[in-house]
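A.B. asks: Below are the structure tokens for one structure; questions will follow.
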Amino acid sequence: MVHLRRTLAPYWWPIPRKEGGVWVIRPSPGPHSLAYSLPLALVIRDVLKYAKTMREARYIISRGYVKVDGAVRRDYKFPVGLMDVIEIVPTGEVYRVVPDKDRYYALLPIPTQEASLKLLRVEGKTSVRDGRLQLHFHDGRNLIVPQDVGRQIKTFDTILYDIPNKTIKAHIPLKLGNNVVVTHGSNVGFSGQLYEVVWTLKRRQSVVAIKRGDEVKRTILNYVMAVGIETPVIKIAP
């Protein structure tokens, strides 16, 4: 199905619900699910305000003026989601999709030096031939690594990924004391130190506590991403 009823679109999409018609663009199948992604055309028109109409937004995208994670995307329905890097080619502006307490996901301007870097959360691992391991990430990306490297990286850990070279620049384990950010749920955008983990039979539903100063918030493990040891390794907040 090409379109989606406005009233059924994720609540955080920056679109009017009772104006502009009945329908809105449905994201194409891709690296992020419908609930946690935004079509590229809405990013251009409704978030960055580079276009006033959908026709103008589609023209900008079709001309190859927009890159996502270093690749030109001409599909105006391409799903943009957590930690994706968006580059506007003619202006040189670069943005990262980050969790935000007010807008759920926000586009954060970042320096061009960070345009090639992306945080990826490890969702699982698989053994492949020649004794190597394949890491599966939150954006659908996969990476085959030597066994000694793969064994050090656990599920729910985060890596700092070099997009053009397809290599790991840093490994950030999800452990007590490390800096984390909430990526989903009612506490989205809250960041601080991982303070406590209460493990359950379903690991993804384990309860975690995050502390920032005197403030402590709780969520589930599946909604948390490690972003640094003491501070985030890249810019994820204004």
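A.B. asks: Considering only residues that are within 17 Å of the chain's Cα centre (by Cα) and outside any loop (DSSP other than H, G, I, E, B), look in segment 144-167 and name the one that is surrounded by the fewest Cβ atoms within 10 Å (Cβ to Cβ).
C.D. replies: 162
A.B. asks: Moving on. Would you pick out the residues in segment 52-76 that are buried (at least 17 other Cβ atoms within 10 Å of the Cβ) and either free of Cβ contacts under 8 Å to residues at least 60 places away in the same chain or under 16 Å from residue 91 (Cα atoms) (or both)?
C.D. replies: 54, 57, 58, 60, 61, 65, 66, 68, 73, 76, listed by residue number.
A.B. asks: If I filter segment 79-99 for residues that are among the small types (Gly, Ala, Ser) and not assigned by TED's automatic domain parsing to the domain that holds residue 15, do I get at least one hit?
C.D. replies: No, every residue in segment 79-99 fails to be among the small types (Gly, Ala, Ser) and not assigned by TED's automatic domain parsing to the domain that holds residue 15.
A.B. asks: Identify, by number, the condition in (1) under 18 Å from residue 42 (Cβ atoms); (2) charged (D, E, K, R); (3) modelled with pLDDT under 95 that residue 101 doesn't meet.
C.D. replies: So residue 101 meets the others, but not (1).
A.B. asks: Can I ask one more? Quick one: is residue 117 farther than 18 Å from residue 42 by Cβ, touching a residue at least 60 places away in the same chain (Cβ under 8 Å), out of contact with any helix residue (DSSP H, G or I) (no Cβ under 8 Å at 6 or more places or on another chain) and not basic (Lys, Arg)?
C.D. replies: When the stated conditions are applied, residue 117 passes them.
A.B. asks: Do the conditions hold for residue 202, that is, is it more than 26 Å from residue 102 (Cα to Cα), surrounded by fewer than 16 Cβ atoms within 10 Å (Cβ to Cβ) and out of contact with any strand residue (DSSP E or B) (no Cβ under 6 Å at 6 or more places or on another chain)?
C.D. replies: So residue 202 fits the description; yes.
The values are calculated or read from the model by the stated rules, or taken from the named source; none is laboratory data. What you see is a predicted model, and the numbers here were worked out from it, not measured in a lab. Note that we place each Cβ from the backbone using ideal geometry, even for glycine, and neighbour counts take in every protein chain shown.
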